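Visitor: A single structure is presented below for examination.
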Amino acid sequence: MRDKILSLLNNHGFVSGEKIAEQLGVSRTAVWKQIETLRGMGYRIVSVKNKGYRLISRPDIPYPEEVLPDLNTRVVGKSLYHFKTLSSTNLFARELAKKGVEDGTVVVADTQSMGRGRRNRAWFSPYGGLWFSVILYPGIPPQKGMMLTMIASIATVEGLKEVTDVDAEIKWPNDVLIKGKKVCGVLTEIDAEMDRINYAIVGVGINVNNRL
């Protein structure tokens, strides 16, 4: 329901609680409760008597309500789990993969307490970064698993260029650098048989608003 309320408030004007309730087929009390939840999530929503609610600003947090409406991918991110904190997005994603969740499912956390890099090295994951894992069923043999890491590294460089116009480079196979400083790391973990990958977890950590 929250995503529908945000969609109704997206016109940058006031929308009455009565109209929202009518559009969604719920009570005005239910609308108020959802508005309070959104405020608690960081959405700045003002209310004025006889006018209704108005969305003033949105949080800079990758909530599903923020990501999914603008997503143009065919597979990745159609299902998205967001958490304030996790021990590790890769570990949580692995448990989901064992249950056979949708291909391309993404797990994202604002912070990680046990983030890991290659060779099981600790990966510092404070608030302000983008820490996420993608669950894939790639249908390729284990020998080609490294391709997933390389593709993720390339996609990160291209994404940084598109969004920020910053030129980054890859320290093969899994580090992304800006002016020689590491801004991103990729960790791919697979569960495989001799001839096929059952699932792959591609973990990506990007220092978005963190000092390098």
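For (1) closer than 19 Å to Asn207 by Cα; (2) at pLDDT 95 or above, each residue gets a yes or a no:
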{"position": "Glu102", "(1), (2)": "no, yes"}
{"position": "Glu158", "(1), (2)": "yes, yes"}
{"position": "Thr164", "(1), (2)": "yes, no"}
{"position": "Lys182", "(1), (2)": "yes, no"}
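Visitor: Report the residue count in segment 128-147 for those that are in contact (Cβ under 8 Å) with a residue 12 or more places away in the chain and not in a strand (DSSP E or B).
Guide: Qualifying residue count for the region: 9.
Visitor: I've got another one for you. Those residues that are closer than 16 Å to Lys49 by Cβ and among the β-branched types (Val, Ile, Thr), I need them from segment 1-17; list them, please.
Guide: The answer is Val15, and nothing else.
Visitor: If I ask for residues that are at pLDDT below 90 and more than 19 Å from the chain's Cα centre (by Cα), which ones from segment 195-212 would you list?
Guide: Arg211, Leu212
Visitor: Right, here's the next one. So which of Asn50, Asn72, Asn90 is in a loop (DSSP other than H, G, I, E, B) and closer than 24 Å to Thr149 by Cβ?
Guide: Asn72
Visitor: Does segment 167-190 contain at least one residue that is more than 22 Å from Leu96 (Cβ to Cβ), within 19 Å of the chain's Cα centre (by Cα) and of a type in the set (A, V, I, L, M)?
Guide: Yes.
Visitor: Restricting to segment 168-180, and then to whatever is within 22 Å of Thr89 (Cβ to Cβ) and outside any strand (DSSP E or B), can you tell me which residue is modelled with the lowest pLDDT?
Guide: Checked segment 168-180; the qualifying residue modelled with the lowest pLDDT is Pro173.
Visitor: Being in contact (Cβ under 8 Å) with a residue 12 or more places away in the chain, among the hydrophobic types (A, V, I, L, M, F, W, C), in a helix (DSSP H, G or I) and surrounded by fewer than 17 Cβ atoms within 10 Å (Cβ to Cβ) narrows it down to one of Val67, Val157, Val163, so name that one.
Guide: On the way: Val157 fails: surrounded by fewer than 17 Cβ atoms within 10 Å (Cβ to Cβ); Val163 fails: in contact (Cβ under 8 Å) with a residue 12 or more places away in the chain.
The conditions single out Val67.
Visitor: Follow-up. Could you check, for segment 34-43, whether at least one of its residues is in a loop (DSSP other than H, G, I, E, B) and more than 30 Å from Ala155 (Cα to Cα)? Let's see the steps before the verdict.
Guide: Within segment 34-43, the subset in a loop (DSSP other than H, G, I, E, B) is 41-43.
If we keep only those that are more than 30 Å from Ala155 (Cα to Cα) too, we end up with none.
Looking for residues that are in a loop (DSSP other than H, G, I, E, B) and more than 30 Å from Ala155 (Cα to Cα), one finds none in segment 34-43, hence no.
Visitor: Mind checking whether some residue in segment 186-199 is crowded, with 17+ Cβ neighbours inside 10 Å, aromatic (Phe, Trp, Tyr) and assigned by TED's automatic domain parsing to the domain that holds Phe83?
Guide: Yes, there is a match, as at least one residue in segment 186-199 is crowded, with 17+ Cβ neighbours inside 10 Å, aromatic (Phe, Trp, Tyr) and assigned by TED's automatic domain parsing to the domain that holds Phe83.
Visitor: Hey, another quick one. Give me the pairs: first residue in segment 32-58 and at positive phi and surrounded by 13 or more Cβ atoms within 10 Å (Cβ to Cβ), second residue among the small types (Gly, Ala, Ser) and part of a helix (DSSP H, G or I), beta-carbon distance under 7 Å, and six or more apart or on different chains, which are they?
Guide: Close Cβ pairs (under 7 Å, with a partner that is among the small types (Gly, Ala, Ser) and part of a helix (DSSP H, G or I)) amount to Gly52/Gly17.
The values are calculated or read from the model by the stated rules, or taken from the named source; none is laboratory data. None of these values were measured; they are calculated from a predicted model. Positions of Cβ are generated from backbone atoms using ideal geometry, with glycine treated the same way; all protein chains shown enter the neighbour counts.
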